[in-house]
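Heads up, the thing below is written out as structure tokens.
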Amino acid sequence: MQCERNTTLRELGASSVENAWWTKRLFSPQKIVCSIPKCDTKIASVDLSPCGQLPTLLSGMGTSRALQPGSWFPLICVFCLIARCQVTCLPYIQIGAIFADNPNASFLGFKRAIFYQNGLNDSFQFACLVKSVSSSNSFEMAQKVCSLFSIGKGALLISADVEPPLIGTAASYSGTFQMPIIIPSLSKRDLGYQTKDPSTKYLVSLMPSLVPVLFDVIQFRQWTRFAFIYDSDKGLLRLHALMEKLSFRKFDVAFRKAEGEVSMIQILREFRDSDYHRIICDTNVANTRLLMEKIPLLGMLTSSYHYIFLDLDIGKVNLEKFQLGGMNITGFSIVNETSQRFQLLKTYYEELRRNNMSITRNMEYVSYRSALMMDLVNVMAKTMYILIRDNKFKLFKDRGQRSCGSDGSRHWGIDKTVLKSLKTVSFDGASGPVSFDSFGERSNYVVRILNLFSNGMREVGTWQSDAKTRLKFSAGAYGDGTDRVDFNNKTIIVTSILEEPYMMRKEPRHLYSGNDRFHGYAIDLLEEIVKKFPFKYRIQLVRDNTYGILVNNTWNGMVGELVRGEADIAVAPLTIISDRERVIDFTKPFMSLGISIMIKKPHTTKPDVFSFMHPLSYEIWMCIVLAYAGVSVVLFLVSRFSPKEWYPVEYTRVPTDETNGASPSQGQTTNDFSITNSLWFSFGALMQQGSDISPRSLSGRIVGGVWWFFTLIIISSYTANLAAFLTVERMVTDIQSAQDLVNSKDVSYGMVGAGSTEEFFRQSNIPLYVDMWNYMNSTERSVLVTSNEQGVERVRHMNGKFAFLVESTLNEYFSQQKPCDTMKVGQNLDSKSYGIGVSRNFTTFRDDLTLAVLQLREEGVLDALKKRWWFDKGQCHEANSDSGSNALTLSNVAGVFYILVGGLALALLSAIVEFYCKSRSQSRKQKTSLAAAMRAKVRLSVTGENADLASQLHPKANTSAPSTETEARLVQQ
């Protein structure tokens, strides 16, 4: 074979006319040397046994300046000929490569692949024409493509490792000039190209499509709501292709474009606050690392979060700080690390890094893009082998000049043959099995599914494009417990805070050491958990004596110690809130509670003498009096108008008061229900007593019946509440609710600072709680205390002028401790729970703790622990005892005796007044002195003898017998 005279280069550079001139002068046309003066030391095809030093000599020459006329290059060639070094010249294949700006990984992989491939070939050599283009300049892209067409006879194959905006330009030129262009890092399907699109016929994708892989994983995970973060047009096009697959189902997808650090933080915070905890990230390496840095700062590390990264190098990223967290990370990989070509790349990278090559300064691993470039060059080489095998290579030699001029395009006859041969290529490469379908898309490829475990990213399954069941997971890849960290031989650091009755020191202190220094509810809870799930632990008190809030983007207290890894778990009255949940994990709650109001007990008031009136309000008493009067009047009226209530008056020998001493006339009628009798009847019914009269008419009986029913209900209700009001000693306080606190001008209120209670008021949007927070925050925080004990002491010493906002459980506990002078008022202001805080480094340990807590709750152990520390060990039993509360004292019923005595006194006074009035009236009628009349009445009252006052004054006048006329009248009566 004969080399072309005008160019002998087969590497990254142009031909050298001078080099060709020297080789032409010294050697015959049949035997010429094809040198590589710029980049490589290898000669086209050399038997190195007799002249093995030739590559070294050529390497020492440096640049093409060594081949200038007058140099000693001819002597080298003569030496090789004398040594019978057989040198042959191979035909070269001109190929083009277009890279985007700063294409380190792709360029290095491509360069190494060319060196490696040319060293293997014995039929042809690749000469590379390399161009670079801006990421979004379509005009520049068109110029570069045309330049590759026009140099020499033009490139036979072109690789375009550029961004999506430039792929359209490449596709347009490839279709117009029927020039195969291979895109190594993008998939046509992911870019949205259709299979029947003629403009993409000569466009071939080496990058596998990730959309079907992602779609199958989403279905496997049963996601219906997720977020998508992208940073380039490639990500947006991939999202569009994914949405087309999801269009027939109901999915809630939120997508955002990340355009820098600030944008990334805003996006993550938005997804966190809107509960989009399943996030797909299609970002470049730099933004992927930036996202990894911001995730812990925003507290998005809990087990509720699941991230899928479409960066195929995610398996190489350092994820050590996430390995023991609760978050789930899924990634994909196409690299076959066991292949020979990948190992060659790996060795090449290591050599470059050892030599401190600047081009590898930021390259910590062999990228998948380098692996694709290795396979791309191999695809080109195998395409050439197929052309040679099928005797189609002569079409390449006979091709003419191609241009992008305005006079029209000129097609090569070999283009269609090259495309057909390219699509038949099949081999196992650095990126897995490589083959193509009729659309020019990668087929029969395998994607490895990676998941994050405590020892890093690990393969859990595979996705194979042409398999019947494409997505397959390894047995036991999830939930088999194989990734559990062994804590049996590790001492767990337990952080806690001194808080009664959860954690207290034993006295005297010098007698105890280690964990025995403490006792309380938290210690008992820990011991019960250890019985269920054995482990060793050591208790350490939190240094700053706080629970933990975020101050200047830094967590303090127990939460801060868990975040910084200074402690493993926190067993204390630590409230589960969303801000803490973002940075640490919690077990299931072991106690439920809420914010309550603690005040000092007011002095108890004994029941007053009229406490029997308290079961009914004053309004009810007034209504009863009005009802009594109204019923009496109605009864009087209906009795007056009803004929059945009137009856004849019977004759009597003794004149009555009603007839004023005169006998009634014959035919006279009377009515029992006078106004006084009506009042008496109603009063008797109200007192559950009877009377000597009753209604005879229907209307009167209706009135009586409804009045009896009314009195039955009222008396029953009154009796039911009477005992409580007579026996209970009430504590009178003006504060009964949070609204009373806000309205009160005499009572201040506060809480523990740097805790969940402060966070509740700080973040609340309820107007009442906002007012309370503004008050507490505007008093120069003087109402905030550093501990619950300090708050309780302030309540006790301020004589009812201070109310303490504290968790209801602690409120109940302190009300049971001497001097038994605090109490809880009103309802809880919120509802929350205590849980065991767990560091993100021990997420697997959290599950064991949660299981133990749930078992303790089911067995009633948690209730028993609370009863033991809150009530059994309480010191205020007498205050809460019911003994003696059933016995009434005289002070409880004194009012009843007062009414009895008052009634008797009133009756006596009424009798005296009646006695006086009657005596006075009789003395006037009989014209005697008042004293005589009163003596007669006294005698009557004492002896029962009705002595006639006139006979006492005129005895003789009264001795005569009654006249005959008077006797006759009496007989008639």
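Only the coordinates and a few stated rules stand behind these numbers; no lab work does. Everything numeric here is computed off the predicted structure, so don't read it as measured data. When we count neighbours, we look across all protein chains shown, and the Cβ atoms used for this are built from the backbone with ideal geometry, even at glycine.
Just a few scattered comments:
- Met622, Met798 arranged by Cβ crowding within 10 Å, fewest neighbours leading: Met622, Met798
- Qualifying lysines (Cα of each under 16 Å from Cα of Lys927; at least 8 residues distant if same chain): Lys918, Lys937
- Between amide H atoms placed 1.01 Å from N, distances below 5 Å from Ser159 occur with Gly96, Ala97, Ile98, Ile182, all of them 5 or more places distant or on a separate chain.
- Fewest neighbouring Cβ atoms within 10 Å first, the residues Leu237, Leu865, Leu900, Leu166 line up as Leu900, Leu865, Leu237, Leu166.
- Long pairs among Lys196/Lys250; Lys536/Lys867; Lys601/Lys801; Lys472/Lys588, criterion Cα-Cα beyond 22 Å: Lys196/Lys250; Lys536/Lys867; Lys472/Lys588
- Peptide packing: for 421-428, 751-758, 534-541, the average count of neighbouring Cβ atoms within 10 Å per residue gives the ranking 751-758, 421-428, 534-541, highest mean first.
- The mean of 1/r over all pairs of different alpha-carbon atoms in segment 149-205, once inverted, gives a Kirkwood hydrodynamic radius of 11.5 Å.
- Given R0 = 41 Å, the distance between the Cβ atoms of Glu244 and Tyr365 translates into a calculated FRET efficiency of 0.75.
- Which of Met292, Ser304, Ala241, positive extreme of dipole for segment 192-327 (C-beta unit charges): Ala241
- Reachable lysines, given that their alpha-carbon falls under 16 Å from the alpha-carbon of Lys873 and they are not under 8 places away in the same chain: Lys506, Lys818
- Amide proton proximity set for Gly461, modelled H, under 5 Å, gap of 5+: Ile449, Ser474
- Of the peptides 431-442, 562-573, the ranking by mean beta-carbon count within 10 Å, highest at the top, reads 562-573, 431-442.
- Using a Förster distance of 22 Å, the FRET efficiency for Lys506-Asp872 (Cβ separation, nearest 0.05): 0.75
- Ranking of Met380, Met373, Met776 by count of other Cβ atoms within 10 Å, fewest first: Met776, Met380, Met373
- Gln343/Lys532 FRET efficiency (R0 51 Å; Cβ-Cβ; nearest 0.05): 0.55
- Ratio Rg/Rh [Cα only; Rh per Kirkwood] for segment 155-278: 1.05
- Among the listed pairs Lys144/Lys257; Lys745/Lys866; Lys316/Lys346; Lys245/Lys321; Lys234/Lys294, a Cα-Cα separation exceeding 25 Å is found for Lys144/Lys257; Lys745/Lys866; Lys245/Lys321.
- Size descriptors for segment 735-863: radius of gyration and Dmax over Cα atoms are 17.4, 52 Å.
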